[in-house]
Structures are given as C-alpha cells and as structure tokens.
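Asker: My structure is below; once you've seen it, I'll send some questions.
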Amino acid sequence: MDRNNWPESGDFVVCTVKDVTDFGAYTTLEEYDGKEGFIHISEIKAGWVKYVRDHVREGQKIVCKVLNVDSSRRHIDLSLKDVNEHQKRAKIQEWKNEQKAAKWLQFVAEETKTDKDEMQKVSQKLVENFGSQYAAFEEAAMTGVNAFSDIKLKKKIASSIAEVAQNNIKLPFVDIAGYVDLTCNLPEGIEVIRTALEAANKVDDEDDVRIDISYTGAPRYRIKVIAPDYKKAESVLKKSADIAVDTIEELGGKGEFHRHNDAVKA
C-alpha cells in the first residue's frame, strides 16, 4: 500500500538503527513508513572501520544519505559518512518540525471533527503547495487564512490551521518606527490628513508586514512597522511615509518624514 512512498537517491533521511552486524547496520527510515535501509561498513565512516559498533548502536537516531533505492526488492542503500554536521542538524530540525506539524494537524482534525481520510487529503495538499506541512503552518503564522486562498481547503480547516500556527510558531519579527509631520490649513484639513494616513496604511503586496499608525501630538504621527527583518521593515517604513507625504501634498497640505522622533521645530 505504500510502495510509491520511497526516498530518492541523494535524499537525506532520518533513521533509527535497528541491528548492527560485523559488515554494517540495518536501519528503519522514520519518514517512510519504517522501510528498512542498510549501511555497509564502507559507508559508516571515511577510512578503515574495524568495529561497526564503535560508530553506531541499536536504537540510535542518525541521518543518512540515500545512495540507491530498489523498490522491487524493497532495498535501500544508505551512507552515514556522506553526511556532514550541518546537513545532519538541518535534517534533524526538519524532521522535528514535521513531527510538530503532524501533531498540529491531529489537533485541527479533532477541533474541526474531520475524519482521517479527509485529513490525509489536507496533508497532501499542504505538502504539494508548500513543500512540507510545517512550511504551510509557517506561512499561516505570517499571513493567516490568506495563506490558503489559492488552494481548496474548507474554511473551518483553514481557520483552525491558521489559529494553531499563530499560537505555536514564534516568527523572528522585528519592529521599527518613524514619524511623519502632516499639516493642512484647508477647511477640510482634518479629512485630508485622514486620507493621507489611510493611504500610508495600505502598502501593497506586503502580506507578512504589519503597519500601525498612531497620533503622538500635533502635527506628528508615528508609523510602526513589524516585519520579518530590518531590511524589509526599513523599506516598508519609507514607502509608507512617502505615500503619506505625497498624498497630503497632492491634496494641498504639507508633509515631512523623520526616521527618529526628533523634537518638532517651532
């Protein structure tokens, strides 16, 4: 029933050592329904290996590189020596993240009363569209249900995934602030300023960025930007401030941007 669920040559896989022999080690692949793989003694470590048990032991979790897959014989050749420390850490983290995502999807299934078969289809859609289940949750943590606007998910499932993601994934956001001085002496000046601020709050194509604008004292308004990194935050802050200044000047007022909260000149 799982014959099509096989790794490909060159993939990194998380394995549990099942049996250690004089000529190598048998393992089970954690991400592939417990399929069995074999590490020949020559693939344990660079150089000569006298005792395999000096390098791996039963029950140990290891990361291997797939050398060859023969699904007809249900045989997978693995290498331990071809995995460096960086690749090992990255793969282990990826595996742990997918385990988290699988548990979160179980919670979503319980919350939305979705049966196992339908939830399996949801999981497949997430992998097909985002590359992994965890990547889908990451996207939902940033953009909420909008992450699923291009794929067919029931509204209750999309909402539940977004809620679980935002409650469990802490994204590395930064926040910065700048200030705009906006004045308008026209009779409709207050409305002109409001229009400029509304325009500044609608920076297009920035789904992973939040803009908060607040009044700090005439004629100054604070623009706060929350973004994944400083470069993007600075870019959005400038864009938002420029829109505010341009809009109010087009409508007959004056505007000026300050990166820092310097005292307003008399």
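The values are calculated or read from the model by the stated rules, or taken from the named source; none is laboratory data. In this text the structure is predicted, and so the values were computed from the model without any measurement. Note that each Cβ is placed from the backbone with ideal geometry, even for glycine, and that neighbours are counted across all protein chains shown.
Asker: Being exposed (fewer than 15 other Cβ atoms within 10 Å of the Cβ) and either in contact (Cβ under 8 Å) with a residue 24 or more places away in the chain or within 22 Å of LYS238 (Cβ to Cβ) (or both) is the filter here, so list the residues in the stretch 184-199 that pass it.
Answerer: If the condition is that a residue be exposed (fewer than 15 other Cβ atoms within 10 Å of the Cβ) and either in contact (Cβ under 8 Å) with a residue 24 or more places away in the chain or within 22 Å of LYS238 (Cβ to Cβ) (or both), then ASN185, LEU186, ARG194, GLU198 are the ones that fit.
Asker: Now for a different question. Answer with yes or no whether VAL13 is buried (at least 16 other Cβ atoms within 10 Å of the Cβ) and closer than 12 Å to ASP77 by Cβ.
Answerer: Yes, satisfied.
Asker: Could you run through the stretch 16-27 and say how many residues are surrounded by fewer than 20 Cβ atoms within 10 Å (Cβ to Cβ) and polar (S, T, N, Q)?
Answerer: So the answer is 2.
Asker: Touching a Phe, Trp or Tyr at 6+ places or on another chain (Cβ under 8 Å), in a loop (DSSP other than H, G, I, E, B) and surrounded by 12 or more Cβ atoms within 10 Å (Cβ to Cβ): does that describe VAL69?
Answerer: So VAL69 fails the test.
Asker: Being in a helix (DSSP H, G or I), over 18 Å from ASP208 (Cβ atoms) and of a type in the set (S, T, N, Q), is that true of even one residue in the stretch 132-149?
Answerer: Yes, because at least one residue in the stretch 132-149 is in a helix (DSSP H, G or I), over 18 Å from ASP208 (Cβ atoms) and of a type in the set (S, T, N, Q).
Asker: If you don't mind, another one. Please go through the stretch 219-234 and pick out each residue that is surrounded by fewer than 16 Cβ atoms within 10 Å (Cβ to Cβ), under 11 Å from VAL209 (Cα atoms) and over 18 Å from the mean Cα position of the chain (by Cα).
Answerer: None; the set is empty.
Asker: May I pose another question? Go over the candidates ILE211, ILE161 one by one and state the one that is assigned to a helix (DSSP H, G or I) and crowded, with 16+ Cβ neighbours inside 10 Å.
Answerer: Going through ILE211, ILE161 in turn, the sole match is ILE161.
Asker: Look through VAL245, VAL225, VAL236, VAL192 and report the one residue that is hydrophobic (A, V, I, L, M, F, W, C), outside any strand (DSSP E or B), within 21 Å of GLU139 (Cα to Cα) and outside the structural domain of GLY144 (by TED's automatic domain parsing).
Answerer: The match here is VAL236.
Asker: Also: Taking the condition of being closer than 12 Å to GLU98 by Cα and surrounded by fewer than 14 Cβ atoms within 10 Å (Cβ to Cβ), how many residues in the stretch 128-145 meet it?
Answerer: 1
Asker: Now for a separate question. If the Cβ limit is 8 Å and pairs must be 6+ apart or interchain, which residue in the stretch 129-154 that is hydrophobic (A, V, I, L, M, F, W, C) pairs with which residue that is part of a loop (DSSP other than H, G, I, E, B)?
Answerer: If the second residue must be part of a loop (DSSP other than H, G, I, E, B), the pairs left are PHE137/ILE169; ALA141/ILE169; ALA141/LEU171; MET142/LEU171; MET142/ASP207; MET142/ASP208; MET142/PRO228.
Asker: Considering only the stretch 32-46, state which residues are outside any strand (DSSP E or B) and under 16 Å from ASP22 (Cα atoms).
Answerer: Passing the criteria: ILE41, SER42, GLU43, ILE44, LYS45.
Asker: Please work out which residue is farthest from GLY253 (Cα to Cα), limiting yourself to the stretch 184-211 and to residues that are charged (D, E, K, R) and at pLDDT 85 or above.
Answerer: GLU198
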